[in-house]
Every structure is written in C-alpha cells, then in structure tokens.
Amino acid sequence: MNRRVFLDTNILLSFYEISKENIDKLREAFALVDHKELLFITTDQVEEEFYRRRNSVIEKSLKSLSELRMPEAPTVAKALASNSSYEEARKTLKIAHDKLLNEIREQAFQKSLSADDLLSDYFKDATRIEVTPELVQAARLRVDLGNPPGKKGSLGDAVNWEAILSLPHNHPVVIVSDDVDYRDRLKPGSLNEYLQREWAKQHEATIELFRSFSDYLEKDFSDLKISIFEVVDKKINELEASPNFFTTHAVIADLSTVTQFTAKQVDKLVEVLSENTQVSWIFGDSDVEEFYTKLLNDFGDKMGAFERKYLAAMLEYDGEGDPPEMLPF
C-alpha cells in the first residue's frame, strides 16, 4: 500500500523560503506520486492557511535582498580616481537590484514563481480529506480540553489531526511538520506520545513524524533512484510492444537486472503479461517465469489487488483449461 503523506502548511511554505533544492525535492515527490509510491493527503484547512500566509512568507524571504545597499563612498574618497568607477558600480547595482526585486514581486503577484506551479499541482492532485461539521466539532472539543495538537483559541492543527484520524484504520500515514505541537517533548524526532496513543487506539497501521520533507524522502526512498524511473519505464514499454519471442527474452534479461520497481511499474509488468501474447505464450520458459516469480515475491505488496491475484494464478496455472484472466473480483 502506498504511503499517505500529509504535508503541514509550514512545510509547503518552506518551498518558497529556501531554494532550488527544496523545489527539486518536490519535483521528485511528484515522480513518486505518479509511480504510486506515495499519495499526498491534505485538507481545505491546509490550503486556506497556505494562501493566507503565502505573501508574508515570500516577503520575509526577500528581506535581506530588500535591505541590500551599496554605501556611498566617504568624503575622503571623493577626490580619488577610482571613486567614479565605484559610483558607476553603485548605480548599476541599484538598477539591477530594483529590477530583480520588482521581477520577483511581480511573479509572486502573478503566482508564477518556480514553486507556484508545483504547489498549485499539489493542491489540485492531493487527496482531500473532507472536513465535516462533526470533524470540526471534535476539533473544537480537543482544543477546549487542551489536547494536542494546537494552541488554545486556534482550531487549525486540531482540524487537520481529526481529519487524519478519520482515515481508514489500515492506512499508514506520514506527517511532515516542523510544528512543535506535533512533536514529543522527550523525543523531538517522534510524534507526540499522546497523539501516538490516540492513533494506536483507532488504527492498525503505522504513523510517523518527520520535521522536513528531505528527511522523509531520505528515510523511505534513499534506495529508490528516481533518475532511473525513465530508463526502467522505457524497458517496460519495449516489453509491452514486443513483437516476437526473441525480443521478449532480450527485454526480460534486461529487466531481470533491475533491483527496484515502483508500484506503477509492477502493475504495468503484470498488465503486459496479461495483454501481450508474445509474453504470455512463453510464460512457461524459465527466464520469463523466474522473472515474474521474483516480481511477485519481492514486490507483491506493491501490486494492485487484481494484478497480484492474476499473477499468482498464472504462476499456479498448469496448462489445463483456459488460462487465468485479469478480471475484477
């Protein structure tokens, strides 16, 4: 089952504050979403808070640039020959400085900064947890009782936590937040003990806290090289289009050297087996059968239910009667 990842508002806003590295991390995450390795979850509360705070965060990130000044030369330098070139440099810097600030502010106003397109896609594609009146009432009671997360008089964090609690009991969840209200006082790298206990009473799946998105990606995806997604995808497409047994054997040999497949890729490989007779007709050949046996053993937990059932049936098929079909059940 793919990981459900909740990015708190402070994490989303950080994509404006730091740099290209953060933007690249978000781009990596979208590749992971496309390959069914993770699923973003969010709430209307997060989006509303994000847009309430966006402009002030961008302005804060521009503070040091806005305050940059090249000082006028002191009186003792006025008679020096180099003073004229210095003054020219001051004028050039002032023009470039003002132009840069104006361009950034205009792009921020137009919502066309490098982070804006990605974050717009994030809110468009993330799975929304419905914030019902009952959920808001539960959040209000939580705040009134002084239970984490959140602060007295503020419902935002409590609403988000109640939304996360409302997820199905078997869905593992990752919370990425630098908010102190989610952290445990004795072990700041872990989720608040009260929240852990509350979660465990209602859910069978795990829940984890990370203080930065980079930390989360490093922990769960350090061995998954996003840069090779396209290489593996190309090989799978070759198998899908295989026109003969010779090509099938050659591509299977290449794919047998791959040590990591994404959820999207394993489902596609099973679909190819189901739909391309140049693969299914030689399923009994040792190399093809060994490849798909290893795929089921190593990546069966990533497969969709239909794909997993079909592949298991194919591996058990003894040639008698009609072969299995990948149909809903």
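The values are calculated or read from the model by the stated rules, or taken from the named source; none is laboratory data. Computed from a prediction, not measured in an experiment: that's the story for all the values here. So basically every Cβ, Gly included, is an ideal-geometry build from the backbone, and we count neighbours across all protein chains shown. Calculation scope for accessible area: heavy atoms of the full protein, side chains included, ligands and nucleic acids excluded. Shrake-Rupley method; radii C 1.70, N 1.55, O 1.52, S 1.80 Å.
Of the residues making up the range 16-31, those that are open to solvent by 90 Å² or more (accessible area, probe 1.4 Å), more than 15 Å from Ile228 (Cα to Cα) and modelled with pLDDT of 75 or more number 0. Counting only residues that are in contact with a Phe, Trp or Tyr (Cβ under 9 Å, 6 or more places away or on another chain), within 15 Å of Asp267 (Cα to Cα) and assigned to a loop (DSSP other than H, G, I, E, B), the range 304-325 holds 1 of them. Taken over the range 236-257, the criterion of being touching a residue at least 24 places away in the same chain (Cβ under 8 Å), under 26 Å from the mean Cα position of the chain (by Cα) and open to solvent by 70 Å² or more (accessible area, probe 1.4 Å) is satisfied by no residue. Only one of the listed residues (Asp233, Asp181, Asp220) is touching a Gly at 6+ places or on another chain (Cβ under 7 Å) and open to solvent by less than 60 Å² (accessible area, probe 1.4 Å). That residue is Asp181. For Val143, state whether it is in contact (Cβ under 8 Å) with a residue 40 or more places away in the chain and within 35 Å of the chain's Cα centre (by Cα). So Val143 fails the test.
One line per residue, one yes/no per condition, for (1) open to solvent by less than 60 Å² (accessible area, probe 1.4 Å); (2) on the phi < 0 side of the Ramachandran plot; (3) out of contact with any Leu (no Cβ under 6 Å at 6 or more places or on another chain); (4) in contact (Cβ under 8 Å) with a residue 60 or more places away in the chain:
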{"position": "Ala77", "(1), (2), (3), (4)": "yes, yes, yes, no"}
{"position": "Leu80", "(1), (2), (3), (4)": "no, yes, yes, no"}
{"position": "Asp117", "(1), (2), (3), (4)": "no, yes, yes, no"}
{"position": "Gly156", "(1), (2), (3), (4)": "yes, yes, yes, yes"}
{"position": "Pro172", "(1), (2), (3), (4)": "yes, yes, yes, yes"}
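Out of Lys36, Lys63, Lys99, one residue alone is within 30 Å of Thr132 (Cβ to Cβ) and open to solvent by 70 Å² or more (accessible area, probe 1.4 Å). It is Lys36.
So, Asn192, is that one open to solvent by less than 40 Å² (accessible area, probe 1.4 Å), in contact (Cβ under 8 Å) with a residue 24 or more places away in the chain, under 23 Å from Arg3 (Cα atoms) and in contact with a Ser or Thr (Cβ under 6 Å, 6 or more places away or on another chain) or not? Spelling it out, it is not the case that Asn192 is open to solvent by less than 40 Å² (accessible area, probe 1.4 Å), in contact (Cβ under 8 Å) with a residue 24 or more places away in the chain, under 23 Å from Arg3 (Cα atoms) and in contact with a Ser or Thr (Cβ under 6 Å, 6 or more places away or on another chain).
Within the range 182-225, the residues that satisfy the criterion of being in a helix (DSSP H, G or I) and acidic (Asp, Glu) are Glu193, Glu198, Asp215, Glu218, Asp220.
Do the conditions hold for Leu68, that is, is it under 22 Å from Ser14 (Cβ atoms) and either hydroxyl-bearing (Ser, Thr, Tyr) or touching a residue at least 24 places away in the same chain (Cβ under 8 Å) (or both)? For Leu68, the condition - under 22 Å from Ser14 (Cβ atoms) and either hydroxyl-bearing (Ser, Thr, Tyr) or touching a residue at least 24 places away in the same chain (Cβ under 8 Å) (or both) - is not met. Based on what the data block shows, is Pro328 surrounded by 14 or more Cβ atoms within 10 Å (Cβ to Cβ), outside any helix (DSSP H, G or I) and at pLDDT below 90? For Pro328, the condition - surrounded by 14 or more Cβ atoms within 10 Å (Cβ to Cβ), outside any helix (DSSP H, G or I) and at pLDDT below 90 - is not met. Give me a count of the residues in the range 230-271 that are within 23 Å of Ala31 (Cβ to Cβ), outside any loop (DSSP other than H, G, I, E, B) and among the aromatic types (Phe, Trp, Tyr). Matching residues across the range 230-271 total 0.
Apart from one condition, Arg52 fits all of (1) of a type in the set (Lys, Arg); (2) surrounded by 13 or more Cβ atoms within 10 Å (Cβ to Cβ); (3) at negative phi; the exception is (2).
Please tell me if Ser274 is of a type in the set (Gly, Ala, Ser) and open to solvent by 40 Å² or more (accessible area, probe 1.4 Å). Here the answer is yes, as Ser274 does meet what is asked. Checking the range 201-212 against the condition returns a match, with at least one residue being farther than 17 Å from Thr42 by Cα and open to solvent by less than 30 Å² (accessible area, probe 1.4 Å).
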